[in-house]
1. Of all residues in segment 137-149, how many are over 27 Å from the mean Cα position of the chain (by Cα) and under 12 Å from residue 126 (Cα atoms)?
2. Which residue is nearest to the chain's Cα centre (by Cα), if the candidates are limited to segment 150-180 and must be assigned to a helix (DSSP H, G or I) and among the hydrophobic types (A, V, I, L, M, F, W, C)?
3. If I go through segment 230-258 residue by residue, how many of them are of a type in the set (Lys, Arg) and in a loop (DSSP other than H, G, I, E, B)?
4. Looking only at segment 295-306, which residues are in a loop (DSSP other than H, G, I, E, B) and at pLDDT below 95?
5. Of all residues in segment 379-413, count the ones that are small (Gly, Ala, Ser) and surrounded by fewer than 21 Cβ atoms within 10 Å (Cβ to Cβ).
6. Would you confirm, using the coordinates I've provided, whether residue 298 is in contact (Cβ under 8 Å) with a residue 60 or more places away in the chain, under 30 Å from residue 122 (Cα atoms), crowded, with 23+ Cβ neighbours inside 10 Å and touching a strand residue (DSSP E or B) at 6+ places or on another chain (Cβ under 6 Å)?
7. Would you tally the residues in segment 181-229 being outside any loop (DSSP other than H, G, I, E, B) and over 29 Å from residue 76 (Cβ atoms)?
Amino acid sequence: MAKEKTRFECSSCGHSEPKWLGKCPDCGAWNSFIEIKPVKSAASHGRTAGNASKDGRNDSGPKKLSSIEISEGSRYSAGKTEVNRVLGGGVMRGSSVLVGGEPGIGKSTLMLQLCSSIEADGPVLYISGEESASQLKMRADRLGITREIEVLCETEINSIMRQVDRLKPVLIITDSVQTLYNTDLGMVAGTVNQIKFCSAELIDRARLYNCPVFLVAHVTKEGSIAGPKVLEHMVDTVLYFEHGASDVRLLRANKNRFGSIDEIGLFKMTETGLNQVDEPASLFLVKRKGEQPAGTCTAAVYEGSRVLMMEIQALTVPAKGGLSRVFSEKIDQRRVSRVAAVLEKNLSLRFSDQDIYVNVAGGIRIDEVGTDLPLALALYSARTGIQVPAGTACSGEISLAGEIMPVAHLDRRAKTALDMGFGRFISPENTSGLKDSINRIFGKN
């Protein structure tokens, strides 16, 4: 067999060349090529052809689907309801979960609390590539963690794999995957090839020992997970940990092979760590002492399997330079432009010469179609200066013809609004078109 030759790979984009180049022909980066030595075979890492893993895999040949048995208890309970909700009912055995979030948002705190609360008997391994053992111990003491956790402060993947093979843990936490490297691929961590190879090793061990592995990842300034996009395809679940209002944290699934991606987990950051929110329905409602200002409307939003009451805020000001713009981070700007165009067409209310600002109180991002009607009321209120009547909540989709269309789970939305003290709930079931509805809501003839 011919011996595999050394190659050179761009550390910026992963482009491969048989010899070193000063400039990458793919991405144009200078002095970015690093030497990649031939990778050892899988047998050198303790796994040979023909070995059967605990989940029934056998590398010697295919198996008939009807002959594969599913073992009982395929999930661990995370010990936290919000985490179980986002993951689809618990932590799946042998699964790989990628967790991304901004620096300082609490990813390490969440992972350390997960190590303590997961309902699985056996050793839990926490691989720390960024913090020392003493730093982890200080955080664990602050969080009140009493469970015995195996802490490994190591970044070389072969050394890590030897400890994983020795312990055979029931849970593996890697914080973070960008710090791992393999000496066969060079000494520089965080490159495209290093991230792919080291992640593949951890994912393979998770399936071999039927234990879940959580990979904590850095994010870019745009908020997406740093590193090769293929990493998100390699794992089973991709979670984003996001900021809400001040101390509120949101855990959202962007990909989940074992459950829905519509659920969100809600936490509050406290001195003792991340605590679950007891009453999420009213978490994003603004509590005021005075009157409700113009440009605000309360929406009943269906997120996953529960209803959240949120306040949508709108502001319109004359456009500068004759070019109108839409500023909206929490609601898609295209949705805002579409609703404004429908209002302009059906109510002869001009928005084309206005700059439009839209926000959602509490900092949560929402994409649900039921926000069309409350967004329209907020925009109308902001443009005219007329307040939405107090105690009014609404939900509904708006068509391009100005019709109010039904949305899912209207009865649950109305019940939640009533329980939260709203005396009036506007929905497609009790209103007609957009024009007639606005005239009746705002007391116009």
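1. Initial filter on segment 137-149 (over 27 Å from the mean Cα position of the chain (by Cα)): 137-138, 141, 146-148.
Narrowing further to those that are under 12 Å from residue 126 (Cα atoms): 137, 148.
So the count comes out to 2.
2. Looking only at segment 150-180, we keep the residues that are assigned to a helix (DSSP H, G or I), and these are 157-167, 177-179.
If we keep only those that are among the hydrophobic types (A, V, I, L, M, F, W, C) too, we end up with 157, 160-161, 164, 167, 177.
Values: 157: 27, 160: 27, 161: 28, 164: 28, 167: 30, 177: 17 Å.
The qualifying residue nearest to the chain's Cα centre (by Cα) is 177.
3. The qualifying residues number 1.
4. Going residue by residue through segment 295-306, those that are in a loop (DSSP other than H, G, I, E, B) are 295, 304-305.
Matches in segment 295-306: 304, 305.
5. Our first condition is that a residue be small (Gly, Ala, Ser); within segment 379-413, this holds for 381-382, 385, 390-391, 393, 395-396, 399, 401-402, 408.
Those still in the list that are surrounded by fewer than 21 Cβ atoms within 10 Å (Cβ to Cβ) too: 385, 390-391, 399, 401-402, 408.
The total comes to 7.
6. Details: in contact (Cβ under 8 Å) with a residue 60 or more places away in the chain: yes; under 30 Å from residue 122 (Cα atoms): no; crowded, with 23+ Cβ neighbours inside 10 Å: yes; touching a strand residue (DSSP E or B) at 6+ places or on another chain (Cβ under 6 Å): yes.
Here the answer is no, as residue 298 does not meet what is asked.
7. In the first step, residues of segment 181-229 are kept if they are outside any loop (DSSP other than H, G, I, E, B); the result is 181, 183-185, 192-209, 213-217, 219, 225.
Okay, now just the ones that are also over 29 Å from residue 76 (Cβ atoms), so 181, 183-185, 192-194.
Selection size over segment 181-229: 7.
Residue-wise test of (1) closer than 23 Å to residue 255 by Cβ; (2) modelled with pLDDT under 90.
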{"position": "59", "(1), (2)": "no, yes"}
{"position": "62", "(1), (2)": "no, yes"}
{"position": "66", "(1), (2)": "no, yes"}
{"position": "74", "(1), (2)": "yes, yes"}
{"position": "93", "(1), (2)": "yes, no"}
{"position": "99", "(1), (2)": "yes, no"}
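The values are calculated or read from the model by the stated rules, or taken from the named source; none is laboratory data. No experiment lies behind these values; they were computed from the predicted model shown. Here Cβ is always computed from backbone atoms with ideal geometry, including for glycine, and neighbour counts include all displayed protein chains.
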